[in-house]
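J.: Starting off with a structure, shown below.
Just so you know, all these numbers are worked out from the coordinates, no wet-lab data involved. Here the structure is a predicted model, which is why all the values come from computation and not from measurement. Positions of Cβ are generated from backbone atoms using ideal geometry, with glycine treated the same way; all protein chains shown enter the neighbour counts.
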């Protein structure tokens, strides 16, 4: 029984990251519906982080009453987490989606594991270790996942019909879609610009994962750090939207798809999910978290096929299989590294090698900080 419990505990980060990608897939679907409804991108992103802050600030104050002292270093890290993980990445993402397509931008997000790996190796958060099987597995798995994402996006093959659920969520927005899609074929210049913006979004997100790892080391209070990040992003995106969006009617929210989009993406997509991501990057590192990103493309395409009446092709199945295989290889490599650390840990008499970071409570971190003082 204890062995089963240990196995489930070891699988907890992986299961939570699958949940994160499922929630993000829902955000993408709602983004698409809100954009078709004519909602401003900048206002949508601003509202997302306003809703996230409204949830996380009281939650952090209630759950994590004892926290380490806020320092200027932590505030600066929170500022850049909000800037890179929120403001920049989200605004570039939605603009790139407008200039190209949702499928193309979703495929570009699969560059995040590779960029994260490069950044993490550069700043010393990950070891390349290409001479070991674990190191080779991480590199190979990342490449397989990227290849699967490219096959998923650019190779179609014959169409596969899974049947219809008769839940076409775009049914009531067809008129808006027709008006917004007229003349919407992007020029080659717009397509290149959209690709560059998508690349910028991926790079920004990858750098955020690494900064979040550093922040979690000194401030392992995940609700509080998420509240700080979301608040910084809310201030930044609101100022940007107020400066650039001249149509004040865009700020009006009714009982419609716009309210559902910003509430869902803010409360779940940014609030609770950033807390889970913060916990996972501390437990397993930024590469582990980013390796789940290819699942997003599979989940978004599946949701589109079943609920938005979009088409599914053989290339989608082949790409999905490669993505899952690549993810498994990366996870295997990280698992081998963790096993090696556990084998080396007992040899240290003073217990200086820390095998696992305990993040269940913020109180321990506060006590340790007080002792140091």
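J.: Take 50, 317 and order them by how many other Cβ atoms sit within 10 Å, fewest up front.
T.: Values: 50 19, 317 15.
Fewest-to-most ranking of 50, 317: 317, 50.
J.: While we're looking at this one, here's another question. What distance in nm lies between label points placed 7 Å from Cα along the C-beta direction at residue 61 and residue 11?
T.: Modelled inter-label distance: 4.0 nm.
J.: Separation between the residue 156 and residue 37 pseudo-spin-labels, each 7 Å from Cα along Cα→Cβ, expressed in nm?
T.: 3.0 nm
J.: Neighbouring Cβ atoms within 10 Å as the yardstick, rank 37, 247 fewest first. Intermediate results must be reported in sequence, preceding the final value.
T.: Numbers: 37 16, 247 8.
The fewest-first ordering by Cβ neighbours comes to 247, 37.
J.: Can I ask one more? Starting from the Cα-Cα distance between residue 121 and residue 340, subtract it from 0.36 nm times their residue separation and give me the gain in nm to one decimal. Could the numbers behind the result be given before it?
T.: Working: separation 219, 0.36 × 219 = 78.84 nm, distance 1.87 nm.
Between residue 121 and residue 340, full extension yields 77.0 nm more.
J.: Taking every Cα atom in the range 31-141, find the radius of gyration and the maximum pairwise distance Dmax, and write them in Å.
T.: Answer for the range 31-141, Rg first and Dmax second: 18.7, 52 Å.
J.: Exposure proxy check: 72, 279 ranked by fewest other beta carbons within 10 Å?
T.: On the way: 72 7, 279 23.
Least to most surrounded, the residues fall as 72, 279.
J.: Something else: Take the Cα radius of gyration of the range 189-230 and divide it by 2.2 N^0.38 Å, with N its residue count; two decimals is plenty.
T.: Numbers: Rg = 14.6 Å, N = 42, 2.2 N^0.38 = 9.1 Å.
In units of the globular-protein estimate, the range 189-230 measures up at 1.60.
J.: Using only C-alpha atoms and all pairs of different ones, pull out the Kirkwood radius for the range 237-288 in Å with one decimal. Don't jump to the answer; show the numbers that get you there.
T.: On the way: mean 1/r = 0.0744 Å⁻¹.
Roughly 13.4 Å, rounded to one decimal.
J.: Note the full-extension length gain between residue 252 and residue 143 as 0.36 nm times their separation in residues minus their Cα-Cα distance, in nm to one decimal.
T.: So the extension gain works out to 34.8 nm.
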